[in-house]
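For reference, the structure discussed in these notes is given below.
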Number of protein chains: 2
Amino acid sequence: MENKLSHTEENYLKAIFKITERAEKVASTNKIAEQVQTSAASVTDMLKKLNDKSLINYEKYKGATLTPDGIRLATQLVRKHRLWEVFLYDKLKFPWEQIHDIAEELEHINSDDLINRLDNFLGNPRFDPHGDPIPTSEGKFMLRNQSTLDSVPIHSKVILVGVSHHSSEFLTYLNSINVKLGTKFKITGKNSYDNSLTVESNGTQLLITHEVSKNLLVKPG
Amino acid sequence: MENKLSHTEENYLKAIFKITERAEKVASTNKIAEQVQTSAASVTDMLKKLNDKSLINYEKYKGATLTPDGIRLATQLVRKHRLWEVFLYDKLKFPWEQIHDIAEELEHINSDDLINRLDNFLGNPRFDPHGDPIPTSEGKFMLRNQSTLDSVPIHSKVILVGVSHHSSEFLTYLNSINVKLGTKFKITGKNSYDNSLTVESNGTQLLITHEVSKNLLVKPG
DNA sequence: TAGTTTTTTTAGATGTATCTAAAAAGCTGA
DNA sequence: TCAGCTTTTTAGATACATCTAAAAAAACTA
């Protein structure tokens, strides 16, 4: 845990964190390969290496989980990524669909002093421009009671507080229908045959497909 | 010139720029090795590679100079480095002796949009916290009529506008004698046997060695 | 200019991150 | 359960950046 990690190693840790954070208990070789956009063979090599460094628990054919050290490092990477996103969005006025890729690079810069000063400079934000919580320097996440738009009952009134995909395509689509964090929705209809929704927002009616609604995080409002 | 360069390649370009910017017409293998802290053999390998990419002119045993493309890239790196230094100093309130090393990492992030937005965010500064000029996005440098403190006549009054070494040791020493950009000096004495100076600054007398005075850039004031 | 010293290059390794192709292990369903 | 499919690993290459040791070229200097 004393040695600095390469960018590549850091990206693998983040990928395993991301995979095991949601549904899966362990991150399989193929899932990781997909996440870091490489071959399964390369992943196997890296898993051995990270296992030797005690950052993951890995056994042949059984996938990987993060060790406490691995979790700590991955959480700090997430903290850095999200704080840089706030900087790019709030200070440099980048549109939200462009911040992810630049933050991917900035997050690899290693200086605790830098990131803590940045945190203060930004006013210690607790959520990033996609609505994701920013871990504290101790690794604690702020939790929020939120649900996905596809799971709230008809006639509910909700506020968009986050998006669970950060791709430029998805966010650009949301821009085009004038949906952003803070946008209020009232569910006016549910179509059970394709799970699409009709909602009222900004005084207009919108059709939201299931593919979109399951990636919109909302709270009652 | 279309391919992205590795951090290492960029560091070599910067090193050659730095060497040929001052005295030397060409950058020798050994000078470069010293600058990037590696062996002469490694430098030879890299010079061949950069020559193949048309970023430098290199002939065996004859050292290297930058091509126009190489100059353009090196200048953009200098621009990025110095703008990040302004950010770290002005916005994050880092002391000036700590900003160089972090900017070394930040300068490798590639996004013209990022750096131009940063420039605007910082108010389009023309000099960095060490007093070095920041190139414009077109690669133009602001020049200033300045001289080194060791070369001004006795009884002159001058203002410190730059330092030509950025090492943490040197800058920490200047902090300790309460010298910073903008500090005014009056030369009260010159000791010809060791070229040290006595100066009046902030109402107190200081002894400045030749080693220090030749790295202080001043303008009349 | 011829010998000596310095500088630079070549040759041959090492370690990291990657790949493809093929083998091995694991899973699944008739 | 075992044949076939999927997943994962191994084996063997490639490319990059680096090193040390030794050879070659260039630069001094007496």
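The values are calculated or read from the model by the stated rules, or taken from the named source; none is laboratory data. Here the structure is a predicted model, which means the values were calculated and not measured. Glycine also receives a Cβ, built like all others from the backbone with ideal geometry; neighbour counts cover every protein chain displayed. Ligands, DNA and RNA are excluded from the accessible area calculation, which covers all protein heavy atoms including side chains. Shrake-Rupley method; radii C 1.70, N 1.55, O 1.52, S 1.80 Å.
Summary table below
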quantity	calculated
Answer residue from segment B:203-219, given it is surrounded by fewer than 14 Cβ atoms within 10 Å (Cβ to Cβ) and out of contact with any Ser or Thr (no Cβ under 7 Å at 6 or more places or on another chain) and is nearest to B:PRO153 (Cα to Cα) among those	B:GLU211
Test: A:ASP132 is at pLDDT 95 or above and away from every other protein chain (no Cβ under 14 Å)	no
B:LEU88 part of a helix (DSSP H, G or I), more than 21 Å from A:PHE94 (Cβ to Cβ) and open to solvent by less than 30 Å² (accessible area, probe 1.4 Å)	no
Residue tally, condition polar (S, T, N, Q) and touching a residue at least 24 places away in the same chain (Cβ under 8 Å), over segment A:114-150	6
Answer from B:ILE109, B:ILE102 - the residue that is touching a Leu at 6+ places or on another chain (Cβ under 7 Å) and surrounded by 20 or more Cβ atoms within 10 Å (Cβ to Cβ)	B:ILE102
Among (1) in contact (Cβ under 8 Å) with a residue 24 or more places away in the chain; (2) under 30 Å from B:LEU118 (Cα atoms); (3) surrounded by fewer than 14 Cβ atoms within 10 Å (Cβ to Cβ), the one test that B:GLY182 misses	(1)
Any hit, segment A:126-133, residues being closer than 24 Å to A:LEU73 by Cβ and open to solvent by 70 Å² or more (accessible area, probe 1.4 Å)	yes
Given (1) at the interface with chain A (Cβ under 10 Å from one of its Cβ atoms); (2) under 18 Å from A:LEU88 (Cα atoms); (3) open to solvent by less than 20 Å² (accessible area, probe 1.4 Å), number of the condition B:PHE94 does not satisfy	(2)
Neighbours by Cβ (under 6 Å, 6+ apart or cross-chain): first from segment B:40-60, closer than 15 Å to B:ALA15 by Cβ; second near DNA strand D (Cβ under 9 Å from one of its atoms) and assigned to a helix (DSSP H, G or I)	B:ALA40/B:ALA33; B:VAL43/B:ALA33; B:MET46/B:TYR12
Yes/no for B:ASP119 being within 14 Å of chain A (Cβ to nearest Cβ), under 13 Å from B:ARG79 (Cβ atoms) and either open to solvent by less than 30 Å² (accessible area, probe 1.4 Å) or among the basic types (Lys, Arg) (or both)	yes
Residue check, B:THR8 within 14 Å of DNA strand D (Cβ to nearest atom), hydroxyl-bearing (Ser, Thr, Tyr) and more than 14 Å from chain A (Cβ to nearest Cβ)	no
Residue match in segment B:160-178 (condition: surrounded by 13 or more Cβ atoms within 10 Å (Cβ to Cβ) and within 30 Å of A:PHE94 (Cβ to Cβ))	yes
Flag for A:GLY139 being away from every other protein chain (no Cβ under 14 Å), under 20 Å from A:ARG22 (Cβ atoms) and open to solvent by 20 Å² or more (accessible area, probe 1.4 Å)	yes
Qualifying positions in segment B:123-149 - touching a Phe, Trp or Tyr at 6+ places or on another chain (Cβ under 6 Å) and farther than 26 Å from B:LEU206 by Cβ	B:PRO133, B:PRO135
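Results for (1) more than 10 Å from DNA strand D (Cβ to nearest atom); (2) touching a Lys or Arg at 6+ places or on another chain (Cβ under 8 Å); (3) farther than 15 Å from B:LEU5 by Cα, shown as yes or no for each residue.
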| residue | (1), (2), (3) |
| --- | --- |
| B:VAL26 | yes, yes, yes |
| B:VAL36 | no, no, yes |
| B:LYS60 | no, no, yes |
| B:THR65 | yes, yes, yes |
| B:ARG72 | yes, no, no |
